[in-house]
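Remarks on the structure that follows.
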Amino acid sequence: MKYFDLPQGRMPALGLGTWMSAPGEVGAAVTKAIEFGYRHIDCAAIYGNEAEIGQALADVIARGVVRRDQLWITSKLWNDAHAPSEVGAALSQTLSDLRLEYLDLYLVHWPVAMKKGVKMPQKGDDLIPLSELPLIETWKALEACVGQGKTRHIGVSNFSSKKVEDLVQASEVKPAVNQVELHPYLQQRTLIEACQRLGVVMTAYSPLGSKERPSVMKQEGEPIVLEDPTILEIASRHQASPAQVLIAWALGRGTSVIPKSTKAHRIEENFASAQLELSEQDMSAIAALDKHRRYLDGSVWEVPGSPYQRASLWDGEQ
Ligand code: A2P
């Protein structure tokens, strides 16, 4: 397994995603994953399943399958808790749900601020413009959480190069990770190069194309990366599955990657991707597939009267 060396620990490159992992299924999925050898679990408060994950973590640790210090647990601050006075309480709730004393990594989930108690915005008034609640104010509260030992690292998610760069300039504790959507149809080379230059590790979410996301986030006739003919051809040549090719590609280009599954056989299959070595030719064939296609394009923040628009969210980055 590849690792990324960060100031307070090593992040395993391959982890288990838990977005859309249903209640009643997610605990078993996390247990299976850890039994198969996963040591990195990616969580978030808004996924609504951290308490069940916490139960699973407590069980595997109690059974001696793994020690806490062998695990890398990430979670994320939801948009309604960006106010500095809310950050500590949000992290404490996550720690209590996950039954942990500390996180390995705590991310700002989106560069989007919302009023307290809003899960998803319905109207402009549910959101707070960044001019009123700047990201650096939220970040300073995250820095304080590091000082208190509640999380070993802090980072961001869905940040453009510009937003990462601004944060690196203004912060004391640098962002360790930027977690964004990455797959062959959305390769984000400019962002990857910027983060590399800034010493920020990239984690790829929705590496399999997020086919399970809510229907409001789907468009008719969109291309399906798991069915791409080039991916299928490479998979059949390596006697691997298309998902394994996508995961091996993400690892091969130097990113961390967190495929989601609640099916034991897929959790195992995805973990085995770390053994698959793609050739340079395979890597360049996949490099040619970029469509700058965001499956999660941020349009959910564009409710009527919203201060957030996609152009400013991504700072024009494709
Ligand atoms: P399931 O949980 O039923 O296995 P992403 O990480 O891009 O969001 O993709 C997650 C989606 O891909 C889920 O719908 C998940 O379904 C499915 N999935 C996970 N692993 C595989 C795999 N090895 N082959 C095909 N589909 C997979």
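The values are calculated or read from the model by the stated rules, or taken from the named source; none is laboratory data. In this text, all values refer to a predicted model and were calculated from it rather than measured experimentally. Cβ atoms come from the backbone with ideal geometry, glycine included; neighbour counts cover every protein chain shown. For the accessible areas, the whole protein counts, side chains as well, though only heavy atoms, and no ligand, DNA or RNA atoms are used. Shrake-Rupley method; radii C 1.70, N 1.55, O 1.52, S 1.80 Å.
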For GLN281 and LEU296, extending 7 Å from Cα along the Cα-Cβ vector and measuring point to point gives, in nm, a value of 3.5 nm
Gyration tensor on Cα atoms of segment 1-114, a ≥ b ≥ c root eigenvalues, a/c under 1.5 rounded, else prolate if a/b beats b/c, else oblate, says prolate
Where Rh denotes the Kirkwood radius from the mean inverse Cα pair distance, what is Rg over Rh for the chain? 0.94
Computed ³J(HN,Hα) along segment 205-216: with the Karplus parameters 6.51/-1.76/1.60, θ = phi - 60°, integer Hz and x for glycine or proline, the list is 9, 6, x, 9, x, 6, 5, 9, 4, x, 5, 5
VAL303 neighbourhood, Cβ < 10 Å, K/R = +1, D/E = -1, net charge -2
Which far-off residues, 5 or more places away or on another chain, put their amide H under 5 Å from the one on SER261, with H placed in the peptide plane? GLY17
Net +/- balance of residues flanking ILE267 in space, Cβ distance below 12 Å, scoring K and R +1, D and E -1: 0
Mean Cβ count within 10 Å, highest first, over the residues of peptides 278-287, 179-188, 138-147: 179-188, 138-147, 278-287
Share, in percent, of DSSP beta bridges within the chain that are antiparallel, nearest 5: 20 percent
Scoring the chain by relative contact order with C-alpha pairs under 8 Å, at least six apart, yields a percentage of 19 percent
Under 5 Å from the placed amide H of LEU100, counting only residues 5+ away or on other chains, we find none
If I model a spin label as a point 7 Å beyond the Cα along the Cα-Cβ vector, how far apart are those points for LEU198 and GLU222 in nm? 2.5 nm
Under a point-charge model restricted to the Cβ atoms of Lys and Arg (+1) and Asp and Glu (-1), what is the dipole moment magnitude of segment 257-318 relative to its Cα centre, in debye to the nearest 20? 340 debye
What is the sum of charges, Lys and Arg at +1 and Asp and Glu at -1, for the other residues whose Cβ falls under 10 Å from the Cβ of GLU101? +3
Net charge dipole size for the chain [Lys, Arg +1 and Asp, Glu -1 on Cβ; Debye, nearest 20]: 360 debye
Whole-Hz couplings from phi, Karplus 6.51/-1.76/1.60, listed for segment 131-147; x for Gly and Pro: 5, 8, 10, x, 4, 5, 5, 4, 4, 4, 5, 5, 4, 4, 5, 5, x
May I ask for the distance between the Cα centers of segment 77-151 and segment 250-311, given as a whole number of Å? 24 Å
Which whole-number percent is the relative contact order of segment 78-164 (Cα, under 8 Å, 6+ apart)? 42 percent
Positive-end extreme of charge dipole, the chain - chosen from LEU133, MET20, MET1 (charges on Cβ): MET1
Area accessible to solvent at PHE36, 1.4 Å probe radius, in Å²: 70 Å²
Determine the shape class of segment 200-318: with a ≥ b ≥ c the square roots of the Cα gyration tensor eigenvalues, call it rounded for a/c under 1.5, and otherwise prolate if a/b is greater than b/c, oblate otherwise. prolate
Exceeding the 21 Å Cα-Cα cut-off - candidates LYS211/LYS263; LYS32/LYS260; LYS116/LYS218; LYS76/LYS163; LYS76/LYS174: LYS116/LYS218
For the full complex of protein chains and a 1.4 angstrom probe, list ARG237, ARG152, ARG68 by accessible area with the highest value first. ARG237, ARG152, ARG68
Which one, GLY254, GLY48, GLY117, has the greatest fluctuation when you compute a Gaussian network model over the chain with C-alpha springs under 10 angstrom? GLY117
Amide H within-cut-off set for ILE154, under 5 Å, with H built and near neighbours excluded: TYR106, ALA176
Residue-wise, which Karplus ³J(HN,Hα) couplings in Hz belong to segment 158-169, taking 6.51 cos²θ - 1.76 cosθ + 1.60, θ = phi - 60°, and x for glycine or proline? 6, 9, 6, 4, 4, 5, 5, 5, 4, 5, 4, 4
Probe 1.4 Å, protein heavy atoms only - accessible area per residue of the chain in square angstrom: 43 Å²
Note on segment 45-169, DSSP bridge orientation, antiparallel percent to nearest 5 equals 20 percent
